[in-house]
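Asker: Dumping the structure here so I can ask a few things about it.
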Amino acid sequence: MKVMTRRVLPRHYQIESRWLRAISSFIFFLLLFTGCATAPPASKNNDWVRQQDLLHNLDSWQFRGRVDVRYNNESHTPRIKWIQQNVKYNIRLWGTFNAGNTEIVGRPGFVTMESGSEVLTANSPEELILQQLGYELPVSYLEFWIKGLPAPQSEADLSFNELSQLTVIKQFGWTINYTDPRQYDSYTLPRRIELTRPENDIRLRFFGLNWILGDA
């Protein structure tokens, strides 16, 4: 008859073994949880596809709020009212010394800026704003970014949270971060947006945005 013997490990090996099992289990559950909490990519994110379709069809809207601009070691925080009607826009900035009471009215290919008694025209709003106010406001892209959409006809990197809500767009050298989403009927729209571009050391922070959808 063969006698079976059991090898007993020294106590310090037993303790190390228990710790290794505990750490392995912790890592396993951490990875499992992280995998469950990660939103699917845009191409497989059904919630994002539905939201994207809604926002593309939303061509008339307006919002009020403030925009904090940091550029060339200067900071300005004018109030802003933006009215969008299809491809036409009307943007009013007021409440800071450099902006005064500035109104920008435009459509693709033509824009006017009225500040006090001075009226200027240009082919793009970015050109006028940089020349007159001293900072960049990428209006041509903001029409889309402000709603939570990447600008069309260009690649963009998108990030989502565990609720499949858009949190980051990276496009044209800009990084757009979305926080504090609010629900307006079927639409999810941001109350706070931050745009940064390291190349020019510029930051635009829109906050306190209150939206009105459709013609008003």
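Asker: Could you check how many residues of the stretch 162-196 are more than 12 Å from the chain's Cα centre (by Cα) and either polar (S, T, N, Q) or modelled with pLDDT under 90 (or both)? Before the answer, list the steps.
Answerer: Of the stretch 162-196, the ones more than 12 Å from the chain's Cα centre (by Cα) are 162-164, 172-173, 182-188.
Filter once more, so that each one left must be either polar (S, T, N, Q) or modelled with pLDDT under 90 (or both): 162-164, 183, 185-186, 188.
Residues flagged as more than 12 Å from the chain's Cα centre (by Cα) and either polar (S, T, N, Q) or modelled with pLDDT under 90 (or both) within the stretch 162-196 amount to 7.
Asker: If you don't mind, another one. Residues to consider are S154, S124; find the one that is loosely packed, with under 13 Cβ neighbours inside 10 Å and of a type in the set (G, A, S).
Answerer: Values: S124 fails: loosely packed, with under 13 Cβ neighbours inside 10 Å.
Step by step, each of S154, S124 is checked, and only S154 is loosely packed, with under 13 Cβ neighbours inside 10 Å and of a type in the set (G, A, S).
Asker: Then there is this: Give R182, R197, R192 a once-over and let me know the one that is closer than 21 Å to H56 by Cα, in contact with a Phe, Trp or Tyr (Cβ under 6 Å, 6 or more places away or on another chain) and charged (D, E, K, R).
Answerer: Within the list R182, R197, R192, the selection yields R192.
Asker: Can you confirm whether the stretch 140-160 contains a residue that is assigned to a strand (DSSP E or B) and of a type in the set (A, V, I, L, M)?
Answerer: Yes, some residue in the stretch 140-160 is assigned to a strand (DSSP E or B) and of a type in the set (A, V, I, L, M).
Asker: Continuing with the same structure: So which residues in the stretch 197-211 are at pLDDT below 90 and loosely packed, with under 14 Cβ neighbours inside 10 Å, if there are any at all?
Answerer: P198, E199, N200, D201
Asker: For G116, only one of the following conditions fails: (1) on the phi > 0 side of the Ramachandran plot; (2) surrounded by 14 or more Cβ atoms within 10 Å (Cβ to Cβ). What is its number?
Answerer: So the condition that G116 fails would be (2).
Asker: So which residues in the stretch 111-129 are over 20 Å from I193 (Cβ atoms) and either touching a residue at least 60 places away in the same chain (Cβ under 8 Å) or part of a helix (DSSP H, G or I) (or both)?
Answerer: Result: E127, L128.
Asker: Got a sec? Which of N101, N45 is surrounded by 14 or more Cβ atoms within 10 Å (Cβ to Cβ) and either among the aromatic types (F, W, Y) or more than 20 Å from R191 (Cβ to Cβ) (or both)?
Answerer: When all the criteria are applied, what remains is N45.
Asker: In the stretch 79-88, what residues are part of a strand (DSSP E or B), under 14 Å from D215 (Cα atoms) and either touching a residue at least 24 places away in the same chain (Cβ under 8 Å) or not basic (K, R) (or both)?
Answerer: Answer for the stretch 79-88, where residues must be part of a strand (DSSP E or B), under 14 Å from D215 (Cα atoms) and either touching a residue at least 24 places away in the same chain (Cβ under 8 Å) or not basic (K, R) (or both): W82, I83, Q84, Q85.
Asker: Evaluate the following for R203: is it among the charged types (D, E, K, R), part of a strand (DSSP E or B) and more than 12 Å from the chain's Cα centre (by Cα)?
Answerer: So R203 passes the test.
Asker: Got a sec? Which of Q132, Q183 is of a type in the set (S, T, N, Q) and under 21 Å from S75 (Cβ atoms)?
Answerer: Every option except Q132 fails the conditions.
Asker: Do we find that F144 is more than 23 Å from V87 (Cα to Cα) and either surrounded by 19 or more Cβ atoms within 10 Å (Cβ to Cβ) or of a type in the set (A, V, I, L, M, F, W, C) (or both) in this structure?
Answerer: The answer is no for F144.
Asker: Go through (1) within 30 Å of N46 (Cα to Cα); (2) at pLDDT 90 or above and name the single condition T121 misses.
Answerer: Status for T121: all satisfied but (1).
Asker: I'd like the residue in the stretch 55-78 that is touching a Lys or Arg at 6+ places or on another chain (Cβ under 8 Å) and in a loop (DSSP other than H, G, I, E, B) and, out of all such residues, is farthest from G134 (Cα to Cα).
Answerer: L58
The values are calculated or read from the model by the stated rules, or taken from the named source; none is laboratory data. Note that this is a predicted model, so its numbers are computed, not measured. For neighbour counting, all protein chains shown are included, and Cβ atoms are generated from backbone atoms with ideal geometry for every residue, glycine included.
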